[in-house]
Amino acid sequence: MKKKMFLESKKGFFGEERSGLHAFGGQYMPEILYPALKELEKAYKKILDSKGFQKEFKTLLKEFVGRPTPLIYAKNASEILGNEIYLKFEGLANTGAHKINNALGQVLLAKKMGKMRIIAETGAGQHGLAVSAACAKLGLECVVFMGSKDVKRQFPNVFNMELLGAKVASVESGTQTLKDAVNEALREWSKESKNTFYVLGSALGPYPYPDIVREFQSVISKELKIQTKQFFKGNPDIMVACVGGGSNAMGFFRHYLEDDEVDLVGIEAGGMGRGNGENAVRMGSPNARLGIAQGYKSYFLSDFYGNLLETYSISAGLDYAGVGPQLAHLREIGRIKFDSSSDKEALEALGFFARHEGIIAALESSHALAGALKIAKKVRGKKILVNVSGRGDKDIFITAKALQKERWSEFLADEIAAMRGR
């Protein structure tokens, strides 16, 4: 495979239009935002390569974020599953997830560009929390757009964002989830881009955001290349990451894209069923169509007219209707395979690794863990590496409610069975 297929986009696109293939990505935005995008494109290439930026960013990653995050050998799980299971634990990064890597990088870039006001979108709240923390650290104003449904189900993160000094703008339009938060953030940016920097949280959106986010998140796989040498020689056999928009997956896979011997697997949100509005499965779904939305070309869950469909997942960070353009390209050329985990499977995986490894993963990460459990049942003696992209503090109310409901249902079923047996 050729490297040019994998790394930076070419003129904003991943891949090329030819028989059976598509060019994903692009810069499909209102004309009013083109000057801001061109300014960003020019600045990020110039500033990111400068020694001053790199030195300050690396210092912040070490002293503020707490990198490197650990690679953990899951000994108990490995013995049970008959494979070597390894966990890259991003949950120990400041703010509790991988999102801080990109947020800090973009906020520092904004400050170097002279932009003193930051806006961002968030779903599960981890990106918003990370941006809020970065702005507090670097002294910038922060506004986070969040769907009103997500505001309610992710209250701990909302509270912490406001504690850090950010303003959380609740979005009441549409489905009141992540895609609507993105729309509102883009509208705000189009009104005031001169002194405002939009920190996009995933590896999607208009060029150059997919490249920027991937590169800031690639610190994950860069660390892994060093850490795996402490556990075994060579590379892992299989790498597994959850996929919403794609930031943790692209950062996790980045330095392994040319290592053809490593199988890369993305896990989407299977939700509670296969019907419309019951999941957020894009890759392989009959409802996924090639289209253009929110500034880029990729696969989206949409109707015949291109309107985005409602999605669902117990995880607020995975219920997005689209998927990052580079991930769509990598799937099309066969470099990444996709599967999905249901709500139930994610909760079971959360419990399994909590009981056997003492790790409480975020619901997003639990989808990846569930995917790894399914893979481990089909193979033996493989080195399976999972990106635990965040910890589960933020999900406590959702998880507790779901598990208590499940236990109550099991209790009632046992009681009914006992009564029938009398």
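Taking only protein heavy atoms into account and a 1.4 Å probe, give the accessible area per residue of segment 18-169 in Å².
42
Just the number, please: carbon plus sulfur as a percent of the accessible area of segment 1-144, 1.4 Å probe, no ligands or DNA/RNA counted.
Solvent-exposed carbon and sulfur of segment 1-144 make up 55 percent of the total.
Could you tell me what percent of the accessible area of segment 190-312 is made up of carbon and sulfur, with a 1.4 Å probe and every protein chain present?
Using a 1.4 Å probe with all protein chains present, segment 190-312 comes out at 48 percent carbon and sulfur.
Arranged from highest to lowest average of other beta-carbon atoms within 10 Å per residue, in what order do the peptides 307-319, 237-249 appear?
For the peptides 307-319, 237-249, the packing ranking is 237-249, 307-319.
Show me 274-284, 127-137 ranked by packing, highest mean number of other Cβ atoms within 10 Å first.
Result, highest mean first: 127-137, 274-284.
Count neighbours as other Cβ atoms within 10 Å of each site's Cβ, and list the chymotrypsin sites (Phe, Trp or Tyr not before Pro) in segment 198-236 that are DSSP loop with at most 16 such neighbours.
Passing sites in segment 198-236 are Phe232.
Are there cysteines in the chain with no second cysteine's Cβ under 4.7 Å away, and if so, which?
Cys242
So if I take the centroid of the Cα atoms in segment 12-44 and the same for segment 110-163, what is the distance between those two points in Å?
Spelled out, the Cα-based centre of one part sits 25 Å from the other.
Taking θ = phi - 60°, what integer Hz values does the Karplus form 6.51 cos²θ - 1.76 cosθ + 1.60 yield along segment 209-223, in sequence order, with x for Gly and Pro?
Here the 3J(HN,Hα) series is 4, x, 6, 4, 5, 4, 5, 5, 7, 5, 4, 5, 6, 5, 5 Hz.
Determine by what factor the alpha-carbon radius of gyration of segment 258-343 differs from 2.2 N^0.38 Å, reporting the quotient.
1.07
What is the Cα centroid distance between segment 341-377 and segment 202-262, reported in whole angstrom?
What the calculation gives is 20 Å, centre to centre.
Defining a contact as two alpha carbons under 8 Å apart and six or more residues distant in sequence, what relative contact order in percent does the chain show?
Relative contact order here is 19 percent.
Which entry is the computed Cα Rg over 2.2 N^0.38 Å for this structure: [x] 0.95; [y] 1.02; [z] 1.08?
Step by step, Cα Rg over 2.2 N^0.38 Å for this structure corresponds to label [x].
Tell me the relative contact order for segment 36-139 as a rounded percent, counting alpha carbon contacts under 8 Å between residues six or more apart.
22
Relative to 2.2 N^0.38 Å, what does the C-alpha radius of gyration of segment 172-250 come to as a ratio? Two decimals please.
The reported ratio for this selection is 1.48.
Which of the pairs Lys225/Lys297; Lys167/Lys394; Lys344/Lys377; Lys88/Lys394; Lys58/Lys88 have their Cα atoms more than 24 Å apart in this structure?
Lys225/Lys297
Calculate how large, on average over all directions, the projected area of the Cα convex hull of segment 47-140 is; give the answer in nm² to one decimal.
Projected area, direction-averaged: 7.4 nm².
Can you return the aspartates and glutamates within cross-link range of Lys45? Criterion is Cα-Cα under 19 Å, with same-chain partners fewer than 8 residues away left out.
Glu8, Glu56, Asp211, Glu215
Leaving out ligands and nucleic acids, and using a 1.4 Å probe, what accessible area per residue does segment 198-355 come to in Å²?
Ligands and nucleic acids excluded, the figure is 33 Å² per residue.
The values are calculated or read from the model by the stated rules, or taken from the named source; none is laboratory data. What you are looking at is a predicted structure, and each value in this text was computed from that prediction instead of being measured. Quick reminder, even Gly has a Cβ in these numbers, built from the backbone with ideal geometry, and neighbours come from all protein chains shown. Ligands, DNA and RNA are excluded from the accessible area calculation, which covers all protein heavy atoms including side chains. Shrake-Rupley method; radii C 1.70, N 1.55, O 1.52, S 1.80 Å.
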